[in-house]
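Working notes, beginning with the structure itself.
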Amino acid sequence: MNVYDSERMTDALAPHGYETTTELESADLVLLNTCHIREKASEKVFSELGRLNEIREARRANGQEMMIGVTGCVAQAEGEEIIRRAPDVDLVVGPQAYHRLPDLIAKATTRTRGLGAREAAAAATRSGLVDTDFPGAEKFEHLPLPRREATIARGLTAFLTVQEGCDKFCSFCVVPYTRGAEVSRPVEQVLREARGLVDAGVREITLLGQNVNAYHGHDAKGAVVGLGGLLHRLAEIDGLARLRYTTSHPTDMDDTLIAAHRDIAKLMPYLHLPVQSGSDAILKAMNRRHTIADYLKVIERVKAARPDMAMSGDFIVGFPGETDADFEQTLQIVREVGYASAYTFKYSIRPGTPGAGMDNQVPEALKTERLLRLQDLVTTQMRAFGAACVGRTLDVLLERKGRFPGQLGGRSPYLQAVHLEAPESLIGTVQPVEIVAAGNNSIQGKIVTDLESKSASLNVSIVAVA
Ligand code: SAH
Ligand code: SF4
């Protein structure tokens, strides 16, 4: 979501003359878009700010200024505390206030011009350059749609936030506090943005939300539409080849959404459905509101709807009170589900969440040991999944030129990076690709060459060129 948010901030600033640069030294403005989900991500902000300040000092020696802003969930959670710890920060903007960035920057420019760093920071606090208001989904009405050039530069796949915030309050998680209550964008607004992306050449859209399958947006007639319904409407957009969504909560996998996996060919057979732990006792302590049996039942139903479905997940090890037996159950659920990929984390205490106050915290060394064991298992599964793809023909969206001449790079339905030899004219098309080898991080394939598929592929590319 931070990738999406950063792009939207860039879009908001483009009409004001800003363009992105990959060289920090040449930046007039640096926005550090931050994540608060785990302590490590949060702490990184302050070390980055130290580094940025050195670059700013070097620029000042050459008579140039650099404005530094902190955005994202650390900005939301820490607010003015950031300016107290890092007095050189010019502005602090929470995730719901991005549409106000141009104003805030203009304000910061006039307030800080001619002032020393410390005075500027004091002026920033005084003049309200810390904007962490929660005005709901208002920002989406004010953020401009991405410009065509920007969308093209970002490639053929795009993120699109449809839902923000969360009402679930899992006891480990800071999201409900930093991103606020659940808000869904109206259906028409989502469709407009999606059409704009497709007009600019996007072929695959991933719908985003902290709890994306809790989506319940209003359509033009005022009816409430769930994620399944939204996917149906998006699938009607000509030129859009693929749809995905992330991240989902098991209790929000409703019948319409599950049926959408059966009925919408554009919806990729790959589902990120975090379970966090394999132990019912820990799930209860985490306030996850479902059991392992419920989770397995959801997977069974999704696979019945779409038999080629592959699963992905998130796991937390070392939640307070997690015993060896609880952890063994986590290993067990991983073995049982057989994930195509999974993200594994050590439990990180987040101030203000119920988990932080629990007195049965797991020692750090034990968390590390469990994480390594879980990662081993997950890596083995991921490799096995890649290896099992060898010999299969998968539809690959060809996205870009590869590293070597004559090579293209793309993505399988399961988000695997695929490399193959193919002409550049096929970029932007979906091709049947026979997988011939699987490495650790990518798979290799060749375009299916039997006469029938070849003529079908050529047709597709001609349509794309036209
Ligand atoms: N809404 C999604 C998760 C969004 S947060 C869900 O309910 O599954 C993304 C992931 O970050 C979570 O799935 C969880 O695995 C991890 N995470 C969140 N808080 C954490 C914490 N305090 N410590 C470690 N990992 C955490
Ligand atoms: Fe956090 Fe997901 Fe739980 Fe919401 S459902 S509180 S985002 S882990």
Study note, to complete from the structure: Selection from segment 331-355 of residues among the aromatic types (Phe, Trp, Tyr) and near ligand 1 (Cβ under 9 Å from one of its atoms) yields TYR343, PHE345, TYR347
Point to revise | Unmet requirement for ILE105, which otherwise passes all of (1) crowded, with 20+ Cβ neighbours inside 10 Å; (2) without any contact (Cβ under 8 Å) to a residue 40 or more places away in the chain; (3) out of contact with any helix residue (DSSP H, G or I) (no Cβ under 7 Å at 6 or more places or on another chain) | key: (2)
Revision key, fill the gap. ASP314 passes all but one of the listed conditions (1) surrounded by fewer than 14 Cβ atoms within 10 Å (Cβ to Cβ); (2) part of a strand (DSSP E or B); the exception is number (1)
Point to revise | Subset tally (residues that are assigned to a strand (DSSP E or B) and more than 16 Å from ligand 1 (Cβ to nearest atom)) for segment 159-209 | key: 3
Practice item. Looking for whichever is at pLDDT below 95, more than 16 Å from ligand 2 (Cβ to nearest atom) and assigned by TED's automatic domain parsing to the domain that holds GLY352 here; the options are ASP199, ASP219, ASP238. Which one fits? Key: ASP199
Point to revise | Residues that are surrounded by 13 or more Cβ atoms within 10 Å (Cβ to Cβ) and outside any strand (DSSP E or B), drawn from segment 393-414 | key: GLY402, SER412, PRO413, TYR414
**Study point:** Of all residues in segment 340-358 being in a loop (DSSP other than H, G, I, E, B) and not aliphatic (A, V, I, L, M), the one that is farthest from ligand 2 (Cβ to nearest atom)
**Key:** PRO351
Point to revise | Tally of residues being under 25 Å from the mean Cα position of the chain (by Cα) and either in a helix (DSSP H, G or I) or within 19 Å of ALA342 (Cβ to Cβ) (or both) across segment 264-291 | key: 15
Practice item. Would you mind stating whether LEU145 is touching a helix residue (DSSP H, G or I) at 6+ places or on another chain (Cβ under 7 Å), farther than 23 Å from PRO413 by Cβ, of a type outside the set (Asp, Glu) and in a helix (DSSP H, G or I)? Key: no
Review point. Can you tell me how many residues in segment 1-30 are outside any loop (DSSP other than H, G, I, E, B) and farther than 30 Å from GLY355 by Cβ?
Key: 15
Exercise for review: Look through segment 308-330, keep the residues that are over 14 Å from LYS346 (Cα atoms) and touching a helix residue (DSSP H, G or I) at 6+ places or on another chain (Cβ under 6 Å), and return whichever of them is farthest from ligand 1 (Cβ to nearest atom).
Suggested key: MET309
**Study point:** Qualifying positions in segment 209-236 - closer than 15 Å to LEU160 by Cα and crowded, with 21+ Cβ neighbours inside 10 Å
**Key:** GLY209, GLN210, ASN211, VAL212, ASN213, TYR215, GLY217, LEU227, LEU230, LEU231, LEU234
**Study point:** Members of segment 216-254 that are within 16 Å of ligand 1 (Cβ to nearest atom) and within 16 Å of the chain's Cα centre (by Cα)
**Key:** ARG244, TYR245, THR246, THR247, SER248, HIS249
Practice item. Determine whether segment 321-334 contains at least one residue that is of a type in the set (Val, Ile, Thr) and more than 29 Å from ASP263 (Cα to Cα). Key: yes
Practice item. Just give me the residues in segment 76-93 being surrounded by fewer than 24 Cβ atoms within 10 Å (Cβ to Cβ) and outside any helix (DSSP H, G or I), in sequence order. Key: GLY79, ALA86, PRO87, ASP88
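The values are calculated or read from the model by the stated rules, or taken from the named source; none is laboratory data. Note that the structure is a prediction, hence the values are computed from the model and not measured. Note that each Cβ is placed from the backbone with ideal geometry, even for glycine, and that neighbours are counted across all protein chains shown.
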